[in-house]
Amino acid sequence: MKILFVCLGNICRSPTAHAIFRQLAADNNFVCEVESAGTSASHKGAPPDPRSIKAAVDVSFKGIYSRPVQNDDFGYYDLILAMDLENMAALKRRCPAEHQHKLKLLMSYHAEFANQPEVPDPYYGGTRGFELVRQLIEQACEQLLAELQQRR
Ligand code: 4NP
């Protein structure tokens, strides 16, 4: 199983999901490949935002640097999880028809999906936004892992 988490800049939300899911999978002996990417290339090569690292100090972000979504990601990954509707729309526009079924909102794995379909962009906000992002992502990732484990 190969999973790609996608946000806009690949410096806040998707690196948080990348780091948290990678840790959760390792802790539960769930073998998978985890990666993250951005629909924008504007932060290419940058490490995760220090505010995201601070909101998840207990999680390792080792080796995570921003990189844009590439066309061959759509064939390579089994599951491509967008953080919000705007990034979902950008992925849908680029993704070949035969891989569209791999595109999902990360929040669709969260119990509160109906009220909260998006992981909100924290970039221009304060610390609380980053804490909310971490919480939503962690809860959705726990549910995602549970579903993937049931399938195996
Ligand atoms: P991310 O957050 O998509 O969660 O990585 C953002 C990072 C950078 C910008 C916007 C959102 N930006 O406008 O530069």
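The values are calculated or read from the model by the stated rules, or taken from the named source; none is laboratory data. No experiment lies behind these values; they were computed from the predicted model shown. Quick reminder, even Gly has a Cβ in these numbers, built from the backbone with ideal geometry, and neighbours come from all protein chains shown.
Tabulated results
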{"read-out": "Flag for residue 2 being surrounded by fewer than 19 Cβ atoms within 10 Å (Cβ to Cβ) and touching a helix residue (DSSP H, G or I) at 6+ places or on another chain (Cβ under 9 Å)", "value": "yes"}
{"read-out": "Flag if residue 29 is at positive phi, at pLDDT 95 or above and not in a helix (DSSP H, G or I)", "value": "yes"}
{"read-out": "Some residue of segment 70-83 being of a type in the set (Phe, Trp, Tyr), in contact with a Pro (Cβ under 8 Å, 6 or more places away or on another chain), within 14 Å of the ligand (Cβ to nearest atom) and touching a residue at least 24 places away in the same chain (Cβ under 8 Å)", "value": "no"}
{"read-out": "Residue in segment 86-104 that is in a helix (DSSP H, G or I), out of contact with any Ser or Thr (no Cβ under 6 Å at 6 or more places or on another chain), within 19 Å of residue 139 (Cβ to Cβ) and polar (S, T, N, Q) present", "value": "no"}
{"read-out": "Every residue from segment 106-118 that is surrounded by fewer than 19 Cβ atoms within 10 Å (Cβ to Cβ) and of a type in the set (A, V, I, L, M)", "value": "111, 114"}
{"read-out": "Residue tally, condition among the acidic types (Asp, Glu) and under 17 Å from residue 24 (Cα atoms), over segment 45-71", "value": "1"}
{"read-out": "Residue selected from segment 12-48 under the condition β-branched (Val, Ile, Thr) and free of Cβ contacts under 8 Å to residues at least 60 places away in the same chain, by the criterion nearest to the ligand (Cβ to nearest atom)", "value": "39"}
{"read-out": "The listed residue being under 27 Å from residue 149 (Cβ atoms), in contact with a strand residue (DSSP E or B) (Cβ under 9 Å, 6 or more places away or on another chain) and more than 16 Å from the ligand (Cβ to nearest atom), out of 3, 64", "value": "3"}
{"read-out": "Residue pairs meeting the criteria (Cβ under 8 Å; at least 6 apart or on separate chains; first buried (at least 21 other Cβ atoms within 10 Å of the Cβ), in segment 52-64; second of a type in the set (S, T, N, Q))", "value": "52/16; 55/16; 55/127; 56/16; 64/36"}
{"read-out": "Output for segment 89-113, where each listed residue is more than 17 Å from residue 17 (Cα to Cα) and touching a residue at least 60 places away in the same chain (Cβ under 8 Å)", "value": "91"}
{"read-out": "Options 49, 121, 73, 84; residue that is of a type in the set (Asp, Glu), buried (at least 18 other Cβ atoms within 10 Å of the Cβ) and in contact with a Phe, Trp or Tyr (Cβ under 9 Å, 6 or more places away or on another chain)", "value": "49"}
